[in-house]
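One structure is given below, encoded as structure tokens.
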Amino acid sequence: MASGLTSAQVAGAKANHVPRRSSRSLSAILRANVFTLFNLVIGILWALILIFGEWQDGLFGLVIVANALIGIIQELRAKRTLDRLAVINEAPVRVRRDGAEREIHPRDIVLGDLILLGPGDRLLVDGEVVHSDGLEVDESLLTGEADPVHKQPRDQVLSGSFAVAGSGAFVATRVGTDAYAVKLAEEASKFHLAHSELRAGVANFIKYITWLVIPIGALLIYSQLHNSADLRTAVTGAVAGIVTMIPEGLVLMTSIAFAVGVVRLGRRQCLVQELPAIEGLARVDVLCLDKTGTLTAGGMDLDQVLPVRDGEPVDEALAALAGLDDRPNATAQAIRARHPAAPDGWTARSTVPFSSARKWSGADFGERGTWVLGAPDVLLRGGDSFDRAAELATTGSRVLVLCRTDSLSGTERGDATVEPVALVTLAQRIRPDARETLSYFAKQGVTVKVISGDNPVAVSAIATSLGIPGGERSVDARALPHDDPGKLGRLLDEHTVFGRVSPQQKREFVAALQARGHTVAMTGDGVNDVLALKDADLGIAMGAGSPATKAVAQVVLLDDKFATLPHVVGEGRRVLANIERVSNLFLTKTFYAIVLSLLVGVAGLQFPFAPRHSTLVNALVIGIPAFFLALAPTIERSKPGFVPRVLRFAVPAGVLCAAAVLLSFWAAHRGVSTLLEDQTAAVITLFLTTWWVLVLIARPLTWWRAGLVGAMAVLFAIGLTLPFVREFFALEPGDLGNDLTAVGISIVAAVMISVAVRLAGTLRP
């Protein structure tokens, strides 16, 4: 094999610089939080107030500045977490430089590097194969073809594929943004938000509200200018209505909830490679577990070697087979632990590397014979050894058979003579946290499916020992239908444990479950899990898994702790449930402002409050509570229908709030009170009705939630009491009749809001 580049050649070569997908740049974060349509509208309105009104009425502009700063800070915090974890997650690449093998960071690959490959390695750059020892590459992520491709010297390999068997080396011919996978899917290499109901729902709210704000705002401006003799009052009234219509904090709260979720999971060594994957965590109702590396810890121990024929060199053959691979799998590592050195005279003339599809490996050792090691139910067609292997599998051990064969190629075709020589059992290490974690999912209504390439009986034994419901009834996946997704889906719903599942079948399982309406999460650590992880609604990879597995997963458990999964699901549910609460708050405000502006504009009335009034009320019933509610713990399970559910709450609540405010203002305006006293009555009604909406949304009222809503009421009462606060916010509660009428109208409106949202089916218990 070539010696690779020299240090001098590396220094002058083009490096493999590709943007990470786990976070966006600082400039992108600034643009996303500052240069928005709503900020433009708010900026124009702020300028109008500063020109025509009093500076106190421009407080809403400072709120927008604060929102942008908070959003930027939170996203930068999440970016630092993601970038740090992404570096940890990036598996080193083996290259040969200056004649020696070394491991380097993926970004340190340069054009012309000699890159070494083994099973599970992801190809990060394009190149030409210069050495192949049974090298098989899966290009399905690029071509859609699931069958591995045998690679020989001078064959081309493309970034985005991964090695599934054998070993080899290739010379990098295209790196960085010139590589095939980067050019093919450039957007996939950058920060992006995957499709989600939550994100789509918020985007639709924003889009439709924008179209409503334009005509209603124009009507309101015309009405205020036409019916007010005072230009200052007309401008401030119009601005008050338009500003209140804009749910400026909704996008902010969504971003903050996602960002804080990323940081929280990051502290648990959980890398979320796509932020909206957090939403997917909340919707999962089926969790597909690959036994090896998930229920069982990485690695195995060689337990028993049981000869079935006398006089055979069993130990030597095992040691020779285990010593063939420079990158031994878990089975080879377990054998090497007992037989660390390959015996003399066992030189392989030809080899067949292990792959998940074959489920065996072998070598022709010339005069020593041709040997294969693999699954008994794949290599044997019955007999005493087959029956004994099945009996051993019932204990949960992994059972292999060592055989002599007359031809490796014939064994691969299935027409060779294969004679069993010994049975080999490997003890698997059950994760100590597996039982508790599985119990959590059962309580949360998440159905667990154990999908493994191992013997169904052995998988069933482990599932039963962990208390998985239905674990005692295993299914051999080789008997499942391939051409009837409907029947396959029914069988998947009816059974829990599946063995002898091929990599392609794992993918079919995910598709069949999704076709039956399930939201599917798939965990795995091996190269055979890549296709299923990619197709699942949520792919979860183990940190010790293959680089290819970690590359396609949305979530990576960097410390390999299966017990982290409940926290992952819990974080997703927290984000989704809390964003729904916050959306109810913001959109109730939007709808009452729209209705109020529409009624005022059509009727030709003066707007019932000034911008500073809405700033005060919105801060106390929306802004401050939303921060706490968006980040609060919750165990509520996510349900589909986010958009219609929010609308069923916000529309009736907003309409009734608007009607109550307008009625209070109209009742006060009929008397002899001043404009400030009339506006104060309207502000009291606005606060009390929206405060009641906050109470309904905050339920169930735990001690801290009760304290939160109670504190907001106390702050408003203080604002009405302290002279300097009253003067600052232009409040004048001097007419007792107006104020009592406002309170009475608010109580009636609160009752009607409770009834309306209960009838709509959105009131929390």
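So which of Leu647, Leu688 is of a type in the set (A, V, I, L, M, F, W, C), under 39 Å from the mean Cα position of the chain (by Cα) and at pLDDT 95 or above? It would help to see each step written out before you state the result.
Working: Leu647 fails: at pLDDT 95 or above.
Answer to the selection: Leu688.
Scanning the stretch 264-276 for residues that are assigned to a helix (DSSP H, G or I) and open to solvent by 10 Å² or more (accessible area, probe 1.4 Å), which turns out nearest to Phe205 (Cα to Cα)?
In the first step, residues of the stretch 264-276 are kept if they are assigned to a helix (DSSP H, G or I); the result is 264-267.
Still in the running and open to solvent by 10 Å² or more (accessible area, probe 1.4 Å): 264, 267.
Details: Arg264: 28, Arg267: 33 Å.
That would be Arg264.
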Exercise. Of these, Phe628, Phe642, which one is open to solvent by 10 Å² or more (accessible area, probe 1.4 Å) and among the hydrophobic types (A, V, I, L, M, F, W, C)?
Worked result: Phe628
Exercise. Quick check: is even one residue across the stretch 488-509 in a loop (DSSP other than H, G, I, E, B), free of Cβ contacts under 8 Å to residues at least 60 places away in the same chain, open to solvent by less than 10 Å² (accessible area, probe 1.4 Å) and in contact with a helix residue (DSSP H, G or I) (Cβ under 8 Å, 6 or more places away or on another chain)?
Worked result: yes
Exercise. Counting just the residues of the stretch 82-105 that are at pLDDT 85 or above, open to solvent by less than 50 Å² (accessible area, probe 1.4 Å) and out of contact with any helix residue (DSSP H, G or I) (no Cβ under 9 Å at 6 or more places or on another chain), which one comes out nearest to His17 (Cα to Cα)?
Worked result: Ile104
Exercise. Do we have Ala653 as surrounded by fewer than 21 Cβ atoms within 10 Å (Cβ to Cβ) and not charged (D, E, K, R) here?
Worked result: no
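So, Leu565, is that one more than 27 Å from Pro625 (Cα to Cα) and surrounded by fewer than 23 Cβ atoms within 10 Å (Cβ to Cβ) or not? Step through it out loud before you land on a result.
Details: more than 27 Å from Pro625 (Cα to Cα): yes; surrounded by fewer than 23 Cβ atoms within 10 Å (Cβ to Cβ): no.
Spelling it out, it is not the case that Leu565 is more than 27 Å from Pro625 (Cα to Cα) and surrounded by fewer than 23 Cβ atoms within 10 Å (Cβ to Cβ).
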Exercise. What are the pairs, 6+ residues apart or on separate chains, where a residue within the stretch 592-620 that is under 13 Å from Gln224 (Cβ atoms) has its Cβ under 7 Å from a residue that is aromatic (Phe, Trp, Tyr)?
Worked result: Val600/Phe607; Pro608/Phe665; Pro611/Phe60
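Given the options Ala706, Ala742, Ala717, Ala730, name the one that is touching a Ser or Thr at 6+ places or on another chain (Cβ under 8 Å) and either without any contact (Cβ under 8 Å) to a residue 60 or more places away in the chain or among the hydrophobic types (A, V, I, L, M, F, W, C) (or both). I'd like the intermediate steps shown before the answer.
Details: Ala706 fails: touching a Ser or Thr at 6+ places or on another chain (Cβ under 8 Å); Ala717 fails: touching a Ser or Thr at 6+ places or on another chain (Cβ under 8 Å); Ala730 fails: touching a Ser or Thr at 6+ places or on another chain (Cβ under 8 Å).
Of the residues listed, the single one that is touching a Ser or Thr at 6+ places or on another chain (Cβ under 8 Å) and either without any contact (Cβ under 8 Å) to a residue 60 or more places away in the chain or among the hydrophobic types (A, V, I, L, M, F, W, C) (or both) is Ala742.
Given the condition buried (at least 19 other Cβ atoms within 10 Å of the Cβ), in contact (Cβ under 8 Å) with a residue 12 or more places away in the chain and among the small types (Gly, Ala, Ser), answer yes or no: does some residue in the stretch 474-482 qualify? I'd like the intermediate steps shown before the answer.
Filtering the stretch 474-482 for residues buried (at least 19 other Cβ atoms within 10 Å of the Cβ) gives 474-475, 477, 480.
Okay, now just the ones that are also in contact (Cβ under 8 Å) with a residue 12 or more places away in the chain, so 474-475, 477, 480.
If we keep only those that are among the small types (Gly, Ala, Ser) too, we end up with 474, 477.
Yes; the residues of the stretch 474-482 include at least one that is buried (at least 19 other Cβ atoms within 10 Å of the Cβ), in contact (Cβ under 8 Å) with a residue 12 or more places away in the chain and among the small types (Gly, Ala, Ser).
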For this session: Identify all residues within the stretch 294-349 that are under 21 Å from Asp364 (Cα atoms) and in a strand (DSSP E or B); write none if there are none.
Result: Pro307
For this session: Please work out which one of (1) open to solvent by 10 Å² or more (accessible area, probe 1.4 Å); (2) assigned to a helix (DSSP H, G or I) is the condition Asn578 fails and give its number.
Result: (1)
For this session: Can you give me the number of residues within the stretch 291-326 that are in contact with a Ser or Thr (Cβ under 6 Å, 6 or more places away or on another chain) and either under 13 Å from Leu426 (Cα atoms) or open to solvent by less than 30 Å² (accessible area, probe 1.4 Å) (or both)?
Result: 4
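Matching residues to (1) among the hydrophobic types (A, V, I, L, M, F, W, C); (2) touching a residue at least 24 places away in the same chain (Cβ under 8 Å); (3) closer than 20 Å to Asp133 by Cβ:
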residue: Ala322; (1), (2), (3): yes, no, yes
residue: Ser350; (1), (2), (3): no, yes, yes
residue: Pro353; (1), (2), (3): no, yes, yes
residue: Gly366; (1), (2), (3): no, no, yes
residue: Ala375; (1), (2), (3): yes, yes, no
residue: Arg388; (1), (2), (3): no, yes, no
For this session: Filter the stretch 13-26 down to the residues that are at pLDDT 70 or above and open to solvent by 60 Å² or more (accessible area, probe 1.4 Å), then identify the one that is nearest to Asn618 (Cα to Cα).
Result: Leu26
Exercise. Restricting to the stretch 432-462, what's the tally of residues that are open to solvent by 30 Å² or more (accessible area, probe 1.4 Å) and either small (Gly, Ala, Ser) or in contact with a strand residue (DSSP E or B) (Cβ under 9 Å, 6 or more places away or on another chain) (or both)?
Worked result: 7
Seminar exercise, completed: The one condition Val284 fails out of (1) in contact with a helix residue (DSSP H, G or I) (Cβ under 8 Å, 6 or more places away or on another chain); (2) open to solvent by 40 Å² or more (accessible area, probe 1.4 Å) is (2)
For this session: Please indicate, with yes or no, whether at least one residue in the stretch 358-366 is farther than 22 Å from Val527 by Cα, assigned to a helix (DSSP H, G or I) and touching a Pro at 6+ places or on another chain (Cβ under 6 Å).
Result: no
Exercise. Can you tell me which residues in the stretch 463-473 are open to solvent by less than 30 Å² (accessible area, probe 1.4 Å) and not hydrophobic (A, V, I, L, M, F, W, C)?
Worked result: Gly470, Gly471
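The values are calculated or read from the model by the stated rules, or taken from the named source; none is laboratory data. These numbers come from a predicted model, not from an experiment. Here Cβ is always computed from backbone atoms with ideal geometry, including for glycine, and neighbour counts include all displayed protein chains. Heavy atoms of the whole protein, side chains included, go into the accessibility calculation; ligands, DNA and RNA do not. Shrake-Rupley method; radii C 1.70, N 1.55, O 1.52, S 1.80 Å.
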